[in-house]
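Working notes for the structure below.
Nothing in this text is a laboratory measurement; each read-out follows from the coordinates by a stated rule. Worth saying up front: this structure is predicted, and the values here are computed from it rather than measured. No Cβ is skipped: glycine too gets one built from the backbone with ideal geometry, and neighbour counts run over all protein chains shown.
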Amino acid sequence: MSKKPYYITTAIAYTSGKPHIGNTYEIVLADSIARFKRMQGYDVFFQTGTDEHGQKIEEKAAAAGITPKEFVDGVSAEIKRIWDLMDTSYDKFIRTTDQDHEKQVQKIFHKLYAKGDIYKSEYEGMYCTPCESFWTASQLVDGKCPDCGREVKPAKEEAYFFKMSKYAQRLIDHIHAHPEFIQPVSRKNEMMNNFLLKGLQDLCVSRTSFSWGIPVDFDPKHVIYVWIDALSNYITGLGYDVDGNSGALFEKYWPADVHLIGKDILRFHTIYWPIMLMALDLPLPKQIFGHPWLLQGDGKMSKSKGNVIYADDLVDFFGVDAVRYFVLHEMPFESDGVITWELMVERMNSDLANTLGNLVNRTISMSNKYFGGLVERTGVTEPVDEDLKAAVMNAVKNTEAKMEELRVADAITEIFSIFKRCNKYIDETMPWVLGKEPDKRQRLAEVLYNLVEGINIGASLLEPFMPSTAMKIAAQLHTSLRDMEGLDRFGKYVSGTHVTEKPEILFARLDIKEVMERVTAMQEAQKAEAEKEAGQSGTEDAGEAEIQLEVKPEIAYEDFSKLQFAVGEIISCEAVKKSKKLLCSQVKIGNQVKQIVSGIKAHYTPEEMVGKKVMVLVNLKPATLAGVVSEGMLLCAEDQEGNLALMTPEKPMPAGAEIC
């Protein structure tokens with residue numbers, strides 16, 4: 001009987017630089033799902049790769065003094081190195097500079113043009129270079145890119161456009177008919193309400209203002225825009241051919257079972273990509289899962305701050321499987337997760353070293369102490385045994401159920417409930433007491449067998465998430481890991497097996513003080529590297545990028561004198577419920593308190609805001625933002641990367657002091 005195929009993909013990583021741990025989370029998440037599906041008996045094809053074209057790449061290559069291809073070759077190799085370091089079991093690593101991919105993208109573009117779904121026109125609007133996206137004035141948020149919050153610039157150029165509206169209703173009908181298509185449900189609601197139901201504009205699908213891309217074969221001054229290029233990888237990687245000569249992999253695995261992507265690129269995958277497939281007369285993927293973000297605990301990651309966390313640095317401190325455990329277990333299903341060095345150490349010591357590592361070590365050590373390593377069933381049972389077995393088998397069932405919903409963090413919690421229950425079982429049965437009573441030897445043997453079997457089942461379930469650790473445990477128990485079919489009942493560990501004589505310590509406890517001293521040294525080195533890079537780029541002040549200031553028209557002093565600036569003290573702050581970007585602050589300015597709404601949620605938490613002395617534009621006409629009245633403006637500085645910093649007085653100044 002042939003296995004049922006299962007096709008899973010990640011978004012392909014953009015080759016603008018080395019991925020940090022938040023970027024790396026996605027490949028580890030996809031790998032855990034792919035491994036679990038293999039464990040269930042599926043024939044899995046797991047694809048990942050790199051997205052290598054676009055204006056940003058062209059600019060970065062020019063700044064580095066190398067060709068775009070040389071630039072992406074280096075970054076793609078680094079991304080692949082990190083994916084391999086994290087023990088991910090992908091079947092194909094595609095690059096959008098692969099010749100077979102480029103050829104099919106040209107053919108896809110040509111087919112859609114021939115059908116009349118793509119047409120030539122002219123684009124004029126506001127352009128965000130980091131996102132490589134055009135926006136209309138109505139789509140901007142506070143005059144900035146609605147996706148990344150950075151500055152946009154006016155742009156006008158000839159371009160080809162895709163007729164999105166032609167397929168919009170068909171896509172809406174599909175989403176209604178397939179409620180599982182976009183997950184979690186909150187992501188589906190966001191796409192429907194914010195985009196589809198408001199009406200789709202035609203999509204710009206070519207560019208002429210840069211050359212690093214796949215040329216339109218019948219109009220070579222145009223390069224094919226990033227989304228047709230990048231999104232097509234999901235079918236070109238399987239050997240899809242526009243002319244009908246697709247390979248065996250495409251026939252076997254398409255449509256994809258799940259596209260795993262970050263929530264920030266949901267629109268492109270749930271609207272643009274399905275419409276492209278409809279235009280190509282291809283079936284849509286079964287599910288698109290928009291996972292949340294893994295965020296740095298002390299604010300936005302920045303090399304200049306020295307707080308960027310990379311996967312390989314974490315591995316140096318904790319090991320591959322500990323990092324895999326952390327990023328998978330600490331990420332909620334819908335909301336963003338947080339990573340800090342302190343929390344990593346806490347999880348390492350409590351969950352991994354204590355709950356899991358100590359359990360395995362104690363069980364093997366007791367088996368050696370009392371029976372020379374022999375693990376044997378004797379049938380001398382007590383009611384507590386049945387409770388243990390029921391807890392273990394219930395966790396097996398629950399783990400599989402959680403993974404069906406892609407609730408990976410919850411699945412890991414279920415697995416660790418097995419190890420916690422085994423630790424409790426040791427306390428309940430007290431093997432050290434049984435070992436002192438000769439007439440209890442048969443009972444002691446049964447207890448240790450139950451512990452070994454419980455650990456073996458837990459380790460088998462753990463393999464998709466912590467593969468190396470699971471294999472180490474199985475090796476120490478002198479057994480093999482089981483697939484889901486082999487986890488149908490308790491008691492399959494072969495009685496009469498000997499465990500290893502010397503148990504290996506799986507995870508060593510760490511001293512938080514020593515770890516943080518190493519982290520501080522590493523962060524200082526990161527800052528120094530950032531300063532060196534800035535210095536090499538010719539900036540006058542090392543560590544700061546030279547900004548090309550956009551000069552606005554001159555104003556008279558009379559115009560400036562109309563503005564009233566003062567020092568304000570933030571006495572309370574909270575997030576605006578209807579907005580992802582806004583904070584609402586109560587600001588004391590002299591003898592009055594003003595309510596001010598600011599788009600700085602990505603840069604400051606409400607807790608960080610309280611107590612700050614800030615620069616306030618006091619006499620700004622009140623405005624309503626996301627349903628909340630704002631009575632002024634907090635002034636900030638912004639660098640080229642979009643990092644914001646509140647303007648604060650250099651010396652202590654009272655709230656209400658006038659700024660002149």
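Going by the alpha-carbon gyration tensor, a ≥ b ≥ c the square roots of its eigenvalues, is the chain rounded (a/c under 1.5) or, if a/c is not under 1.5, prolate (a/b greater than b/c) versus oblate?
Because a/c hits 1.5 or more and a/b fails to exceed b/c, the chain counts as oblate.
Quick check: residue separation of Trp293 and Ala475 times 0.36 nm, minus the Cα distance between them. What number comes out in nm?
The Trp293-Ala475 span can extend by a further 62.0 nm.
Per 0.36 nm of contour for each residue apart, how much would the distance between Ser186 and Asn394 grow if the chain were fully extended, relative to their Cα-Cα spacing?
71.9 nm
Evaluate E = 1/(1 + (r/R0)^6) for Asp316 and Thr520, where r is the Cβ-Cβ distance and R0 equals 22 Å; express this FRET efficiency to the nearest 0.05.
Computed FRET efficiency for Asp316 and Thr520: 0.90.
Scan around Asn307 for amide H atoms under 5 Å from its own, H built in the peptide plane at 1.01 Å from N, and keep only partners 5 or more places away or cross-chain.
Ser302
For region 209-216, in order, what is each residue's ³J(HN,Hα) by Karplus, 6.51 cos²θ - 1.76 cosθ + 1.60 with θ = phi - 60°, in whole Hz (x at glycine and Pro)?
Along region 209-216, the couplings run 7, 8, 10, 7, x, 7, x, 6 Hz.
Enumerate the calculated ³J(HN,Hα) couplings along region 35-50 in order (Karplus 6.51 cos²θ - 1.76 cosθ + 1.60, θ = phi - 60°), each rounded to whole Hz, writing x wherever the residue is Gly or Pro.
5, 5, 5, 4, 4, 7, x, 7, 8, 8, 10, 10, 10, 9, x, 9
Search the structure for amide H atoms under 5 Å from the amide H of Glu158, placed 1.01 Å from N in the peptide plane, and list their residues when 5 or more places away or on another chain.
Long-range HN contacts for Glu158: Tyr123.
What distance in nm separates the simple spin-label points at Ile512 and Glu376, each placed 7 Å from Cα in the Cβ direction?
Placing both labels 7 Å along Cα→Cβ, they lie 4.7 nm apart.
Under the rule of at least 5 residues apart or a separate chain, name every residue whose amide H is placed under 5 Å from the amide H of Ala13.
For Ala13, whose amide H was placed from the backbone, the distant partners under 5 Å are Gly49, Thr50, Asp51.
With Cβ to Cβ distances under 15 Å as the rule, what net charge do the other residues near Val447 carry (K, R +1; D, E -1)?
-1
Using the Karplus equation 6.51 cos²θ - 1.76 cosθ + 1.60 (θ = phi - 60°), what ³J(HN,Hα) coupling, rounded to whole Hz, does each residue of region 499-504 give in order, writing x for Gly and Pro?
Per residue, the Karplus-derived 3J(HN,Hα) values read 7, 5, 6, 10, x, 8 Hz.
Mind running the shape call on region 280-371? Use the C-alpha gyration tensor, a ≥ b ≥ c as the square roots of the eigenvalues: rounded below 1.5 for a/c, prolate if a/b tops b/c, oblate otherwise.
Taking the square roots of the gyration eigenvalues as a ≥ b ≥ c, region 280-371 is oblate.
Quick check: residue separation of Ser209 and Gln169 times 0.36 nm, minus the Cα distance between them. What number comes out in nm?
11.1 nm
What shape does region 570-644 have by the C-alpha gyration tensor, where a ≥ b ≥ c are the square roots of the eigenvalues, rounded means a/c under 1.5, and otherwise prolate means a/b greater than b/c and oblate the rest?
Since a/c stays below 1.5, the shape of region 570-644 is classed as rounded.
Which pairs in the list Lys188/Lys286; Lys153/Lys532; Lys80/Lys286 are over 22 Å apart, alpha-carbon to alpha-carbon?
Lys153/Lys532; Lys80/Lys286
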